[in-house]
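*Asks:* Just dropping this structure here.
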Amino acid sequence: MKLKTSLILSLTLLFYSVIYLATSKDLPYGGDSAKLYGLDTTLSKKYDYFYGAQRCTYRQGSDTLCIYVKDTVGINWDRFADTVCTYANSVGLYRQKIFLVNNRVNPPDTVARKQCP
């Protein structure tokens, strides 16, 4: 009986630990993915026309970022690309090529390009 109870408690603890790790906002890994996550969360908190940030290719060591946006009238996309460069540098993504992509049209349309310093 005691073995059965401890087994059930152990499995319950393991289950909730896995759920916690799967839904945690703090990423348990570092490197490029954590930097991209930092850039994505920073931009999503400040700009409602921003949809997401990711690598344009999955090649190891890629320096190209695709920033998905909603093409909104009145937005200066070149200035927004400068802003993205600033935030990318602040999270440790240096010398990136930025592509602002309107993904609400088919095929997706690039609204601005920028080579970050």
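Please treat every number below as a calculation from the coordinates, not as lab data. From a predicted model like this one, the values you see are computed outputs, not experimental measurements. Neighbour counts run over all protein chains shown; Cβ positions are idealised from the backbone, glycine included.
*Asks:* Working from Cα positions, state the angle (0 to 90°, nearest 10) between the long axis of helix 2-23 and the longest principal axis of the chain.
*Replies:* 0
*Asks:* Now a separate question. Residue-wise, which Karplus ³J(HN,Hα) couplings in Hz belong to region 86-103, taking 6.51 cos²θ - 1.76 cosθ + 1.60, θ = phi - 60°, and x for glycine or proline?
*Replies:* 4, 5, 4, 5, 5, 9, x, 9, 9, 6, 8, 9, 9, 10, 8, 10, 8, 9
*Asks:* Suppose every K and R has +1 on its Cβ and every D and E has -1 on its Cβ; what is the size of the dipole of region 27-115 about the Cα centre, in Debye to the nearest 20?
*Replies:* Computed charge dipole of region 27-115: roughly 120 debye.
*Asks:* For the chain, what does the relative contact order come out to in percent, with C-alpha contacts under 8 Å and a separation of six or more? Show your work: numbers first, answer last.
*Replies:* Working: 140 pairs, mean separation 22.7, N = 117.
Relative contact order here is 19 percent.
*Asks:* Summing Lys, Arg as +1 and Asp, Glu as -1, what charge do residues with Cβ under 11 Å from the Cβ of N102 carry, N102 excluded?
*Replies:* My count for the surroundings of N102 gives 0.
*Asks:* Do any trypsin sites (Lys or Arg not before Pro) in region 66-117 lie in a loop, going by DSSP, with at most 12 other beta-carbon atoms within 10 Å of their beta carbon, and if so which?
*Replies:* Here the trypsin sites (Lys or Arg not before Pro) that fit, given the DSSP loop and packing criteria, are R95, R104.
*Asks:* Using only the alpha carbon atoms of region 35-111, find the Kirkwood hydrodynamic radius as the inverse mean reciprocal pair distance, in angstroms to one decimal.
*Replies:* 12.6
*Asks:* Let me know the longest stretch in the chain that avoids all chymotrypsin sites (Phe, Trp or Tyr not before Pro) found in a DSSP loop with at most 15 other C-beta atoms within 10 Å. Spell out each step's value before the answer.
*Replies:* Numbers: sites that count: Y29, Y49, Y58, Y94.
Excluding the exposed sites themselves, the longest stretch runs over 59-93.
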